[in-house]
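Engineer: Dropping the structure in here first, questions after.
The values are calculated or read from the model by the stated rules, or taken from the named source; none is laboratory data. Keep in mind that this is a model prediction, so the values were computed, not measured. Backbone-built Cβ (ideal geometry, glycine too); neighbour counts: all protein chains shown. Surface areas here come from the heavy atoms of the whole protein model, side chains and all, with no ligands, DNA or RNA. Shrake-Rupley method; radii C 1.70, N 1.55, O 1.52, S 1.80 Å.
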Amino acid sequence: MFKQAIFWSVLFMFFLSACGSLEKEITVDLPEYEKQYIVEGYLEANKPFRLLLTHSSGYFDAITESVIDDVLVNDALVTISYGETVDTLHPNGGFPLYIEDDKLFNYGSENMVPELYNTPFDLNIETADGKKMWASTQLLPAISIDSVTFRKNADSMALVLTYVSDPVNEANFYRRMAYFNNMDSLEQDFVTDDAVVGEKNQIVFGTAYNYAPNDTAINILYHITQDYYDYFRTMQSAVSSNGNPFAIPSSIISNIQGDGIGIFTSLTKTEVIKVYE
Amino acid sequence: MKKILQIFLLLILVNTTFYLQAQNNTRFTISGYVNDADNGESLIGVSIYNNMLKQGTVTNAYGFFSLTLPQGTHELVFSYVGYETHTESITLNQNITFNLNLQAAQEELQEVVIKANSFQEKIATTQMSVEQLSMKEAKLLPALFGEVDIIKTLQLKPGVTSGGEGSSGIFVRGGGADQNLVLLDEAPVYNPSHLFGFFSSFNSDAVKSVDLYKGGFPAEYGGKLSSVIDVKLNDGNNKKFSGTGGLGLIASRLTLEAPIVKEKSSFIISARRTYVDIFTRAINKASEDKEDYSPIPNYYFYDLNLKANYILSDKDKIFISGFLSRDIFSFDVDDFSIDFGWGNRAATARWNHIFNPRLFLNTTFTFSQYDYKISNSIDIFSFDLGSGIEDYTLKVDFLYAPSAKHNIKFGGSGIHHTFDVNRINTNSEDGSFDIHLGSTLNGVETGVYISDDIEISDALKINTGLRWSGFANDGKFYHGLEPRFSARYAFNEKVSAKISYARMFQYVHLASSSGASLPTDVWYPSTKIVQPEISDQVAGGVSFLLGDKFLLSNEVYYKWTQRQIDFKDGAELFTSDNLAEEFVFGKGWSYGNEFYIEKTEGRTTGWIGYTWSKTWRQFDAISQGRKFPARNDRRHDISIVIMHQLKPKLSISAAWVYNTGIAYSLPVGRYYLQDISGAPAQIVPIYPDRNSFRMPAYHRLDLSMVWKFTPQWGESDLSFSVYNAYNRRNAYFIYFEEKTETVNINGEPEEITTGFSAKQVSLFPIIPSITWNFKF
């Protein structure tokens, strides 16, 4: 009887241990990491020049202040040239940072980005430690959203269809963002090329049946450069590879030359807001 | 290359000279088939040996043998492990046909006598780098969820690694998962797995034998770089109606076989299906009225094997067989539905003809198809994505055995391939949009070969072969010569040394975006841009028979591969009309040492395998052109398998595996991406060179017990299996997680990042299972 009790107890403990979590925290020894400069600059016509210059960190480096405050690089010389003009972007006294829409930048200029569609904008950065980075981009024309329609089902819930005419005979790239009711509810965010264009030369973006009467669909379409398209996809691939057992992470395709990585690009935005009635 | 070709032509010439010299004596041929006495199944690899002359042969893949000996009376010994040895006195005054039904050994002990080939045959043959399995072996071993899996059994052999925990994908001597030529009754099977690779598509009840060639490839095989997995199905019992089956935790199977015309014709039908979906459907139905009802997706897989044969005459046999495997995943709720299905179809029609006692012909026509399709619909909108490959193959193989010291094989094949690449269709019923992407490609693959296996002396035996293969597609014709050579030097009956060289071409490639083999990977032909992959492998080894019970062998190999394929960074996998533009090309090389000791007779049997190996890849476009280890590069790989017959009706087994963790990529740095207005900021990982980290070492112990009992009808057994018996948490993948904390900022709760940590995820804890098997 005693032996049987021992036997069943051991068996019970054995299976109990098997029920433990299949996920656990572990220690991974990463090699010494050499920091890189990271550039993030988006030009939008008639908006001020802004740029964020940071550096990367070792993955397990401690966070002393905040994720962004730890990595700001505020002592570089940053210029953007276009035509005959050389515009210097200054740190905003270090703090507070420039705030543009809901984003922070540590370099800026009072000047607005001119609507020069055939003129290259050249970025040059020289950091205090002598590192140099450069990149170039051009403004792209706006691509209009043809129409936004709601299609309702039997329960009166609707999905949103957004139709965009893709210009023929040229390669175009887009970033599609869709919001549900307000800018805090991002419903869709992806980049695409125009390979998915239909027979009518239209690209159609659709949502799920999420919309009830009086809900608002906010549709934003950015016409983007191929540089940004490649950067965004490879950046997203790197992010999604973390935690995907089948993924093979790719290098991020950056258009920043020299001693850094990141993106310097133009964005041309089209927006249509429509309420489901 | 020209020099190699000259050497091979010279060797074939030498062989032919030997043959002509041999013709000067009066010789006659005994030929025929060797079958199982109980069910009529042809037996592959039966040894037929004349002890006086020390000459012999073995039955081929169709159970046929041909042995030419001097005129006179000879005593021939027919032996096959697991069967009674049969001695026949034959008087040869003319060519004779002799068919033999060999009786299975009656002792219960023979249940653990597992090898199809005797050790002597392994010592004697020129073939090296081959692993042979019988189903008795696979059925005695522990199995995940009780599902006997021949591919997972092969993973326990040296030089063969798995694609990861539970995976039935195999990687042979540093090759890729797509570089295995998997043949089911001679029809290629492109994705022989279920459930994303956790189970193989082969029903063990229908399979007769499995041969895995890791190197020294015979000239009749071509088309893949790294291995040949030749699976033969049972022919069907031509003596009496019989059946086998089983009920397991996740699937059930049933096999029926019977004569159509007794001892002339038979059929076998074998089916397996999982039934988890039956329970999930019931749960869904019971819950559908609930307010928070969220249906469980529906998943099941099945496979079906059919085969029939007819003995037309002493000289002619025909076979037809079919294979179907399918995985179905579906989810349907309200207006939204998604269906994801993938699977193989294969069919074989085969004709065996004996022209004369020395010349045997096998003619095969096969059809093979693999495809996957993802269909999704929302209301009037539909979307589907799919890819596939479809082959029609005609193949002829001649076996000419002019003397006991000669075996000449020659033949040819032609394959018509059709590739559907990334077919995307999306449209709406109201015609508001209609998009079709993708392409259909064709290719014709051809091959002719000749090989000659000759015993030059008692000690030296060589096999020389030459294969020419070609591939036409896209206005481009690639072709090449594939020399094959192997030699055996027998120091005595117990010790032999072997060497081999083989060149292989691969014209059909798998475009895989992952390290594992997934159903959504795309088969793609050689084109103007994509050149055929090539491998060259040299191997050498020695085999020792220790006493009568242990065979010890050690092989070393070095393999070079050219034009290996990978995807470029940021490749468009699904919307590219020309997938070839997304490829990058590089090279690979691997080398290793495989140690193997096995025991196949007695109450305790099993083997120990140890492999030390390195596998490298190098692409100009990856890791800045620096070499990197392949994902399945494993420095150490150990398998210990022990089976023991405790009592006549009770056997136990254990399998322990240990291997170095796979090579994989982890980020070493991170940066803060603010992103544009309206998009959330995120942390972007920065990866160093590919596969620069190692998973923790993998090890696992599996146990099983098979208890046989005799019910009122037939035979039964209960198989108890424990997978991962000591509950090791092997790493399936590792990821980095953001640690956050909610703080109060200006009176508002806000989540801030405080650091990062690494997490390890395991897949299978200890998994006990029970399966009831029956036979009648």
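Engineer: Out of the residues in the stretch A:87-114 meeting the condition of being outside any strand (DSSP E or B) and of a type in the set (S, T, N, Q), tell me which one is farthest from B:Ala681 (Cα to Cα).
Structural biologist: Once the filter is applied, the top-ranked residue is A:Asn92.
Engineer: Separate question: What are the residues in the stretch A:128-162 that are farther than 30 Å from A:Ile80 by Cβ, of a type outside the set (A, V, I, L, M) and not in a loop (DSSP other than H, G, I, E, B), if any?
Structural biologist: Within the stretch A:128-162, A:Asp146, A:Ser147, A:Thr149, A:Phe150, A:Arg151, A:Lys152, A:Thr162 qualify.
Engineer: Let me ask another. Would you point out the residue of the stretch A:22-44, among those that are of a type in the set (A, V, I, L, M, F, W, C) and open to solvent by less than 30 Å² (accessible area, probe 1.4 Å), that is farthest from the chain's Cα centre (by Cα)?
Structural biologist: My answer is A:Val28.
Engineer: Turning to a different aspect of this structure: Restricting to strands (runs of 3 or more DSSP E) lying wholly in the stretch B:510-574: which have 3 or more residues that are touching a Ser or Thr at 6+ places or on another chain (Cβ under 8 Å) and surrounded by 18 or more Cβ atoms within 10 Å (Cβ to Cβ)?
Structural biologist: Those strands (runs of 3 or more DSSP E) span B:533-546, B:550-567.
Engineer: Of A:Ile38, A:Ile68, A:Ile26, A:Ile63, which residue is modelled with pLDDT of 95 or more and at the interface with chain B (Cβ under 7 Å from one of its Cβ atoms)?
Structural biologist: A:Ile38 is the lone residue from the list that is modelled with pLDDT of 95 or more and at the interface with chain B (Cβ under 7 Å from one of its Cβ atoms).
Engineer: So, one more: Out of (1) of a type in the set (Phe, Trp, Tyr); (2) assigned to a strand (DSSP E or B); (3) within 10 Å of chain A (Cβ to nearest Cβ), what's the single condition that is false for B:Trp707?
Structural biologist: Among (1) of a type in the set (Phe, Trp, Tyr); (2) assigned to a strand (DSSP E or B); (3) within 10 Å of chain A (Cβ to nearest Cβ), B:Trp707 violates only (3).
Engineer: Let me ask something else. Taking B:Ile683 as the residue in question, decide whether it is in contact (Cβ under 8 Å) with a residue 40 or more places away in the chain, of a type in the set (Val, Ile, Thr), open to solvent by 20 Å² or more (accessible area, probe 1.4 Å) and at the interface with chain A (Cβ under 10 Å from one of its Cβ atoms).
Structural biologist: Taking the combined requirement at face value, the residue satisfies it.
Engineer: Additional query: Being in a strand (DSSP E or B), at pLDDT below 95 and not small (Gly, Ala, Ser) narrows it down to one of B:Lys461, B:Lys498, so name that one.
Structural biologist: When all the criteria are applied, what remains is B:Lys461.
Engineer: Something else now. Take the residues in the stretch B:44-57 that are surrounded by fewer than 22 Cβ atoms within 10 Å (Cβ to Cβ) and among the aliphatic types (A, V, I, L, M); name whichever of them is nearest to B:Pro357 (Cα to Cα).
Structural biologist: Among residues in the stretch B:44-57 that are surrounded by fewer than 22 Cβ atoms within 10 Å (Cβ to Cβ) and among the aliphatic types (A, V, I, L, M), the one nearest to B:Pro357 (Cα to Cα) is B:Leu53.
Engineer: Any idea how many residues of the stretch B:362-412 are among the acidic types (Asp, Glu) and at pLDDT below 90?
Structural biologist: Residues flagged as among the acidic types (Asp, Glu) and at pLDDT below 90 within the stretch B:362-412 amount to 2.
Engineer: Go through the stretch B:628-660 residue by residue and tally those that are surrounded by 16 or more Cβ atoms within 10 Å (Cβ to Cβ) and part of a loop (DSSP other than H, G, I, E, B).
Structural biologist: 7
Engineer: Yes or no: B:Phe419 within 28 Å of B:Glu572 (Cα to Cα) and within 14 Å of chain A (Cβ to nearest Cβ)?
Structural biologist: When the stated conditions are applied, B:Phe419 does not pass them.
Engineer: Residue by residue through the stretch A:66-86, note down the ones that are in a loop (DSSP other than H, G, I, E, B) and under 19 Å from A:Ile38 (Cα atoms).
Structural biologist: If the condition is that a residue be in a loop (DSSP other than H, G, I, E, B) and under 19 Å from A:Ile38 (Cα atoms), then A:Ser66, A:Val67, A:Ile68, A:Asp69, A:Asp70, A:Val71, A:Val73, A:Asn74, A:Asp75, A:Ala76 are the ones that fit.
Engineer: May I pose another question? Which numbered condition in (1) open to solvent by less than 30 Å² (accessible area, probe 1.4 Å); (2) within 8 Å of chain A (Cβ to nearest Cβ); (3) in a strand (DSSP E or B) is the only one that B:Arg690 fails?
Structural biologist: Answer for B:Arg690: the failing condition is (3).
Every residue, every condition in (1) surrounded by 21 or more Cβ atoms within 10 Å (Cβ to Cβ); (2) facing chain B (nearest Cβ under 8 Å); (3) in a helix (DSSP H, G or I); (4) out of contact with any Gly (no Cβ under 6 Å at 6 or more places or on another chain), yes or no:
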{"position": "A:Tyr228", "(1), (2), (3), (4)": "yes, no, yes, yes"}
{"position": "A:Phe232", "(1), (2), (3), (4)": "yes, no, yes, yes"}
{"position": "A:Met235", "(1), (2), (3), (4)": "yes, yes, yes, yes"}
{"position": "A:Gly243", "(1), (2), (3), (4)": "no, yes, no, yes"}
{"position": "A:Phe264", "(1), (2), (3), (4)": "yes, no, no, no"}
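Engineer: Is there any pair linking a residue in the stretch B:750-770 that is free of Cβ contacts under 8 Å to residues at least 12 places away in the same chain to one that is of a type in the set (A, V, I, L, M, F, W, C), with Cβ under 9 Å and at least six apart or on different chains, and which?
Structural biologist: Listed pairs, sorted by first residue: B:Glu750/B:Val743; B:Glu751/B:Val743.
Engineer: Specify the residue that is farthest from the other protein chains (Cβ to nearest Cβ); the eligible residues are those in the stretch A:198-211 that are open to solvent by less than 30 Å² (accessible area, probe 1.4 Å) and more than 16 Å from A:Asn172 (Cα to Cα).
Structural biologist: A:Tyr211
Engineer: Same structure, new question: Quick one: would you say A:Val239 is assigned to a strand (DSSP E or B) and among the β-branched types (Val, Ile, Thr)?
Structural biologist: So A:Val239 does not fit the description; no.
Engineer: Moving to a separate point now. Here is a check on your reading of the model: is B:Phe477 out of contact with any Pro (no Cβ under 7 Å at 6 or more places or on another chain), of a type outside the set (Gly, Ala, Ser), open to solvent by 40 Å² or more (accessible area, probe 1.4 Å) and within 18 Å of B:Val448 (Cα to Cα)?
Structural biologist: So B:Phe477 fits the description; yes.
Engineer: Separate question: Restricting the search to the stretch B:58-100, which residues are open to solvent by 30 Å² or more (accessible area, probe 1.4 Å) and touching a helix residue (DSSP H, G or I) at 6+ places or on another chain (Cβ under 7 Å)?
Structural biologist: Matches in the stretch B:58-100: B:Val58 only.
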